[in-house]
Amino acid sequence: MPVDDTDYQGIDIEEESKTLARDFLAGDTDAFNRLIILHQKLVFSLCLRLLGDYDDADDCAQEVFLKIHRYLKGFRFESSFRTWLYRVTVNTCKNLMDSSEYRMKRKKVRIEEEYRSEEEGERVIKDSSPSPLALLGRKELGRMLDDALETLPAAQRLVVVLKDVEGASYEQITEITGMKTGTVKSKLSRARLKLRKVIKGMINDEMS
């Protein structure tokens, strides 16, 4: 699970991150480039899941590493670097999602999608079935999940991505987001319920 401080491909990500951070703060400028390489896929993936747009995710990921470069000296090394990185990433994405430019862009996209759906005669997603997630071993899992995540409000999308996609614990999510544990569980429950309905509708449409 990405948020855990465990080995990944033979590397202890947490210890390697802290070593590179210390080296950079000590004057090794190349250490920061190695820190970016170590985490760039993780950061971009999280941005893409939260924002749903490749260009927005790319811009946001670059902004994340600019902030890491700027604020790394304030990182407390007794804390988890991975959790701190997630918090910076989440806050950067939230800042973008709260901007009027982003909201207008997403509104325009939704209107265009609704127009195309009407023109193509697509069916409305059906609200049925108890457990469509059991069918998600199919090849189109990634596409379905990404499309379904787009239907969730930002706060619900955030907690379900952190918990079910990134594998974060409730404790980590509260630290990353600043939400209370009860709030996280409530939003996660509603998000999962909606995802079940949306994904089931997608599966029904593909099988019909």
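Data for the structure
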| item | result |
| --- | --- |
| Pair list, Cβ < 6 Å and 6+ apart or interchain, from the range 18-41 residues that are surrounded by 14 or more Cβ atoms within 10 Å (Cβ to Cβ) to residues that are not in a helix (DSSP H, G or I) | 18/77 |
| Verdict on residue 127 being farther than 17 Å from residue 52 by Cβ and either at pLDDT 50 or above or surrounded by fewer than 19 Cβ atoms within 10 Å (Cβ to Cβ) (or both) | yes |
| Unique residue being of a type in the set (Lys, Arg), buried (at least 19 other Cβ atoms within 10 Å of the Cβ), in a helix (DSSP H, G or I) and at pLDDT below 95 when the list is 157, 116 | 157 |
| Meets criteria (assigned to a helix (DSSP H, G or I) and modelled with pLDDT of 95 or more) for residue 82 | no |
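The values are calculated or read from the model by the stated rules, or taken from the named source; none is laboratory data. Computed from a predicted structure; not experimentally measured. Cβ atoms come from the backbone with ideal geometry, glycine included; neighbour counts cover every protein chain shown.
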